[in-house]
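Working notes, structure below.
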Amino acid sequence: MKARRLRYAIELPDMLSLMTYQDPHALVRGLDSFPRSDWPSPLTAVHLAFQVMVGAGFAMVALALWAGWLLWRRGTIYDTAWFLRALVAASPLGVIAVEAGWTVTEVGRQPWVIYGVMRTADAVTPMPGLAATFVLFLVLYIFLAITVAYLLRRQVVQSPRLEEVAALAAAGR
């Protein structure tokens, strides 16, 4: 950050200009074109969140390509244990990508609410009494989490055993 250098970057010349303006030679201004007081803060959080978002997206694309290849070669995706494990491991990636994208959007636009019009410091409304509301919602959500955990556990404990289901199926019920 202090050296204003991006290490380990994969450079794709003219790609941002092409994606943004459909012109590979269009000028895209970088952070160094703006006063330091207008930079997002903290900048590192925005950069890392962007990397997480893009990494999660590429991982999901790779998983989709793998699934397509399995369907083409084997006709099914369900008989490959490694693919199924990867699918389970990748299941939270969509939510992670959305949250990382939200972080890029919200933290990345700081210190502006509306660029060049209103700074975040001018838009904040002082709100006394938020601690009480926060504690109330925290207690409510803890209660709901305990209730859901209890109900799920009860459902699993009361579910019929595999042997009972097999016996009922054999008996024609």
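We did not get these values from a lab; they are worked out from the coordinates using the rules stated. Since this is a predicted model, take the numbers as computed values, not measurements. Note: ideal-geometry Cβ built from the backbone for every residue, glycine included; neighbour counts use all protein chains shown.
Just a few scattered comments:
- Near the amide H of residue 119, within less than 5 Å, lie the amide hydrogens of 113, all on another chain or at least 5 residues away, with H placed in the peptide plane.
- On the basis of the beta-carbon distance and an R0 of 25 Å, residue 153 and residue 82 show a calculated FRET efficiency of 0.20.
- One decimal place: the segment residue 14-residue 144 gains 41.7 nm when fully extended, by the rule 0.36 nm per residue minus the C-alpha distance.
- Shown in residue order for segment 12-18 are the 3J(HN,Hα) couplings computed by the Karplus curve 6.51 cos²θ - 1.76 cosθ + 1.60 at θ = phi - 60°: 10, x, 6, 5, 5, 4, 5 Hz (x for Gly and Pro).
- Mean projection area, nm², convex hull over Cα of segment 126-173: 4.9 nm²
- Summarising the label geometry, the points placed 7 Å from Cα in the beta-carbon direction at residue 135 and residue 2 lie 4.3 nm from one another.
- In this structure, residue 95 and residue 166 have a Cβ-Cβ separation that, at R0 = 35 Å, corresponds to a calculated FRET efficiency of about 0.45.
- Shape metrics for the chain, restricted to C-alpha atoms - Rg then Dmax, Å: 25.3, 78
- Shape category assigned to segment 37-124 from the gyration tensor of Cα positions, a/c cut at 1.5: prolate
- A Förster radius of 41 Å, combined with the Cβ-Cβ distance separating residue 21 from residue 124, puts the computed FRET efficiency at roughly 0.75.
- Charged-residue dipole, Cβ positions (Lys, Arg, Asp, Glu), segment 1-127 about Cα centre, Debye nearest 20: 340 debye
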